[in-house]
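Read-outs throughout are calculated quantities, based only on the coordinates presented, and are distinct from any laboratory measurement. Here the structure is a predicted model, which is why all the values come from computation and not from measurement. Note that each Cβ is placed from the backbone with ideal geometry, even for glycine, and that neighbours are counted across all protein chains shown.
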Ligand SMILES: [Mg+2]
């Protein structure tokens, strides 16, 4: 039995990379300059790093799974070049009103649901008492909260706007708010969350 490790689940768009709407081309995928440093710090400190991302652009026919794989390969390779490793990437392709029939589903994996996290929990050796979720939307915070993660909302992507405009409506508040992914990671490593 492998040793159980703590995990940080990361949203992708608006957390790791600039949120350019539905990213349908590899050239629109641009990581924040601190992303690799943040992931590397988690690697060094023994955390698993797992990306949990809604990609309903697949269901809407905006891009294919081949394009998504190409983008994720680029992300993994670019991070690796900077000494940072991702332990898993889980994506939800669904949408209840999908144009693409095979992705048409009211699923249990689209955040704020927890299906993607559940999958990661089955496949990886995760210490369930030490789980964190970092994301820029309330749906990230909800998915993390429902799975038993401590949650951090970043102000990049949709974060800042959602905090200003929508936070009064939220069912669950994030445990912490951080300016960026890197600041969120520092909170975890300094045990400030
Ligand atoms: Mg996001």
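Structural remarks
- Listed residues 172, 49, 39, most fluctuating in the chain (Gaussian network, C-alpha, under 10 Å): 172
- Taking every alpha-carbon pair in region 1-90 and binning the separations at 5 Å intervals from zero gives 3, 14, 25, 26, 16, 10, 6, 2, 0 percent.
- Between region 67-126 and region 165-188, the Cα center-to-center distance that results, in Å: 21
- Summed over qualifying helices (DSSP H, 4 residues or more, each -39500 (n - 2.57)) and divided by its residue number, the chain shows a 222 nm mean residue ellipticity of -9500 deg cm²/dmol.
- Short-range pairs are left out: with C-alpha atoms under 8 Å and at least six residues apart, the relative contact order of region 5-189 is 25 percent.
- Antiparallel DSSP beta bridges within region 5-189, as percent of all bridges there, nearest 5: 5
- From least to most packed, judged by other beta carbons within 10 angstrom and beginning with the fewest, 134, 164 follow the order 164, 134.
- Kirkwood estimate for region 5-189, i.e. one over the average of 1/r between Cα atoms, Å: 16.3
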